[in-house]
Amino acid sequence: KERNNNEPEFLQAVEEVAETVIPYIVEHEIYNGKSILLRMVEPERVITFRVCWVNDAGEIQVNRGYRIQMNSAIGPYKGGLRFHPTVNMSILKFLAFEQVFKNSLTTLPMGGGKGGSDFDPKGKSDGEIMRFCHAFMSELFRHIGPNTDVPAGDMGVGAREIGFLFGMYKKLKNEFTGVLTGKGLSWGGSLIRPEATGYGTVYFAQKMLETKGQDLEGKHVVVSGSGNVAQYAVEKCIQLGAKVLTMSDSSGYIYDNEGINTEKLALIMELKNVKRARISEYIKTYPNSKFIKAKTPWEVKCDIALPCATQNELNDEDAKVLLKNGCICVSEGANMPSTIKAVREFHKAKILYAPGKASNAGGVATSGLEMTQNSLRFNWTRDEVDLKLKEIMANIHDSCIKYGKTEDGYIDYVKGANIAGFVKVADAMLAQGIV
Ligand code: NDP
């Protein structure tokens, strides 16, 4: 704690893991006394670097770039890049730490990492985005590689940014390799990768509901965010017959009592991905809906909540309102969107609650499948990738039951995901010795 006391998000992520993993370590002789968790919380390597670029007005801009190479016990570092003005060491270390457990849960051979920059993509032209991405990669390239560290997208980093980053990497290294995932389909990308995190979050909710003999058909769903994860979570909910009532961005949320259908979702995708506009524009086309400024959607009555925007977007007060309104299932698309106190409320009420490291692992799992396809120089079909994604989400669900089922039959998905993720990485670290 003392070493990282100015890193609140990182400490929060570690506390949540430690609460469940320390008792497990104490009970198991092979892990006890080996300082495994102490080793896991210290990144193997942290890289920070200057990123200089020139804006459209000809002015020189300076940002800070980061890559946290957290743990490579079970495979090359793997995890996204985030471009957002709030990016700092605490945020990236929490994300990298979560990533280690998440990647382990997928059963694919991937270590954990995360990176990004405090660069704010909002309001920037395509030319500015390209120049920033090129400048960022002109340093990062020397620290990554298909067998070393394979970054991907996260907030503020989508298909456009991955393209610019890949272009500069290829130029500098003079090689065409699967060094990034989330690539375009014609140059090494995988079908279903853009959809994977959102779809996987809903597949996980489906598996949780199955344990209660229920499904998504006719359920009322509240979603936060309107970026990559939220868009495809909503698409899958619609396909499975649920009624999605809300989506949001950092300015507030839209509430559509008639439900967001495929046509309405297409408008949101156009607004967010092409026009890069605010979600409030939605009510101009659908005047029966409402825009609620500067609020999160947790006050809306629902059966299922899918937080898909950002960390700590759902606190204990929000959790109490959701529970009072009859919410039975929370599946996290974002990373650590619920505060520790909110999670305690969900556990107290014994509802179905899945932490992001389990429920949003479909994104990185499909990135793993993209790496495999790149190595094989072969592409699987959409149905093949979707089937593998479904299988992986079902396996993660099984692992959560294996390690998280409590005596009264309640499934503590936090405990299950943490211990299942921990065991595989810890075993590899023990086998490799003290390095
Ligand atoms: P995007 O950048 O595509 O979308 C982020 C969304 O969250 C936007 O709608 C954004 O609104 C909203 N948002 C950002 N900050 C806030 C805030 N403070 N309050 C309310 N809304 C906010 O990112 P992704 O969809 O890729 O990522 C969303 C979450 O999912 C993150 O936690 C990410 O780490 C996690 N994740 C993503 C994966 C992926 O494959 N992309 C994989 C696994 C997890 P605005 O447009 O106003 O900024």
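What to note about this one:
- For the chain, the share of DSSP beta bridges that are antiparallel, to the nearest 5, is 55%.
- If you take all other residues with their beta carbon under 11 Å from the beta carbon of L322, and give Lys and Arg +1 and Asp and Glu -1, the sum is -3.
- Taking Cα centre as origin and charging only the Cβ of basic (Lys, Arg, +1) and acidic (Asp, Glu, -1) residues, the dipole magnitude of region 194-359 rounds to 320 debye.
- Least to most buried among M130, M371 (fewest other Cβ within 10 Å first): M130, M371
- For region 68-183, the alpha carbon positions stretch 39, 33, 20 Å along the principal axes, listed from largest to smallest.
- Sorting the segments 27-35, 322-330 by their mean number of nearby beta carbons within 10 angstrom, highest to lowest, gives 322-330, 27-35.
- Selected from A135, G80, F97, residue furthest toward positive end of dipole (region 11-147; charges at beta carbon): A135
- Euclidean distance between Cα centres, region 373-393 to region 254-282, Å: 29 Å
- Contour minus Cα-Cα distance for N288 and V54 (0.36 nm per residue): 79.9 nm
- For S190, residues with placed amide H under 5 Å, excluding near neighbours: G182, K183
- Taken along its three principal axes, the alpha carbon spread of the chain comes to 60, 54, 45 Å, from the longest extent down to the shortest.
- 222 nm mean residue ellipticity, helices alone, for the chain (DSSP H n ≥ 4; -39,500 (n - 2.57); rounded to 500): -14000 deg cm²/dmol
- Computed over the alpha carbons of region 194-359, Rg followed by Dmax gives 14.3, 43 Å.
- Ordered by the number of other Cβ atoms lying within 10 Å of each residue's own Cβ, fewest first, R67, R344, R131 fall into the sequence R344, R131, R67.
- Ascending count of other beta-carbon atoms within 10 Å, so fewest first, for I25, I304: I25, I304
- Packing-based order for 245-258, 356-369, 374-387, using average beta carbon neighbours within 10 Å, highest first: 356-369, 245-258, 374-387
- Of the chymotrypsin sites (Phe, Trp or Tyr not before Pro) found in region 396-435, the ones in coil according to DSSP and having at most 16 other Cβ atoms within 10 Å of their Cβ are Y410.
- Span from the region 109-135 Cα centroid across to the region 213-229 one, whole angstrom: 29 Å
- Put a plus charge on the Cβ of each Lys and Arg, a minus charge on the Cβ of each Asp and Glu, and nothing anywhere else: the dipole of the chain about its Cα centre is then about 640 debye.
- Just so you know, the averaged projected area of the alpha carbon convex hull for region 238-300 sits at 4.2 nm².
No lab work stands behind these numbers, since they all come straight from the coordinates. Note that the coordinates shown come from a computational prediction; the quantities given were computed from them, not determined experimentally. So basically every Cβ, Gly included, is an ideal-geometry build from the backbone, and we count neighbours across all protein chains shown.
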